[in-house]
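A.B. asks: Quick one: this structure, given as structure tokens, is what I'll be asking you about.
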Amino acid sequence: MNCSRCNTQNEKEAKFCHNCGIDLKLNPSQKPKQSDIILLFYICFEFLLFLIQKVVQMLNESWYNSSARYVMYTLWIFSSLSMILIPLSIKNKVFKYVGLVMVLIMSLYWSYNNILELFKPLHEY
Ligand SMILES: [Zn+2]
């Protein structure tokens, strides 16, 4: 059978690839790809931020005019920056760097806006 990693031809009964040593019994389709892991990590991260935001909003309904806003804007900054994980999962190098530049511009801009909001003084409505 052919090795799933280096494509070396191995004997049928071989347990490990004689070239790179990978376990041939491991079905490559059962092993999650690196891009899948990064994307799942991104989704978990966004979900965690979403949960924290919901808790903050439930505990403090006028969050935008209390110190809870600092938590919210900080979460949004992390949320924007975490978008960088998406182009990281692109295999093609040119696409990866083009995607990285676009995401960086967007996420830094959104983070910058939220940082500005952090420094605005609290005021009564
Ligand atoms: Zn191999």
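Yes or no, residue by residue, for (1) under 30 Å from LYS93 (Cβ atoms); (2) within 16 Å of the ligand (Cβ to nearest atom); (3) modelled with pLDDT of 85 or more; (4) outside the structural domain of LEU85 (by TED's automatic domain parsing):
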residue	(1), (2), (3), (4)
GLU11	no, yes, yes, yes
ASN27	yes, yes, no, yes
LEU40	yes, no, yes, no
PHE47	yes, no, yes, no
LYS54	no, no, yes, no
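A.B. asks: For the structure I just gave you, tell me whether GLN34 is within 30 Å of PHE16 (Cβ to Cβ), open to solvent by 50 Å² or more (accessible area, probe 1.4 Å) and of a type in the set (S, T, N, Q).
C.D. replies: Against the criterion (within 30 Å of PHE16 (Cβ to Cβ), open to solvent by 50 Å² or more (accessible area, probe 1.4 Å) and of a type in the set (S, T, N, Q)), GLN34 qualifies.
A.B. asks: Quick check on my filter: what residues within region 59-97 are open to solvent by less than 80 Å² (accessible area, probe 1.4 Å), within 23 Å of the chain's Cα centre (by Cα) and either farther than 30 Å from LEU122 by Cβ or among the charged types (D, E, K, R) (or both)?
C.D. replies: ILE84, LEU85, ILE86, PRO87, LEU88, SER89, ILE90, ASN92, LYS96
The values are calculated or read from the model by the stated rules, or taken from the named source; none is laboratory data. All values derive from a computational prediction rather than experimental measurement. Here the Cβ is made from the backbone with ideal geometry for all residues, glycine too, and neighbour counts use every protein chain on show. When the accessible area is computed, the model is the full protein with side chains, heavy atoms only, and any ligands, DNA or RNA have been set aside. Shrake-Rupley method; radii C 1.70, N 1.55, O 1.52, S 1.80 Å.
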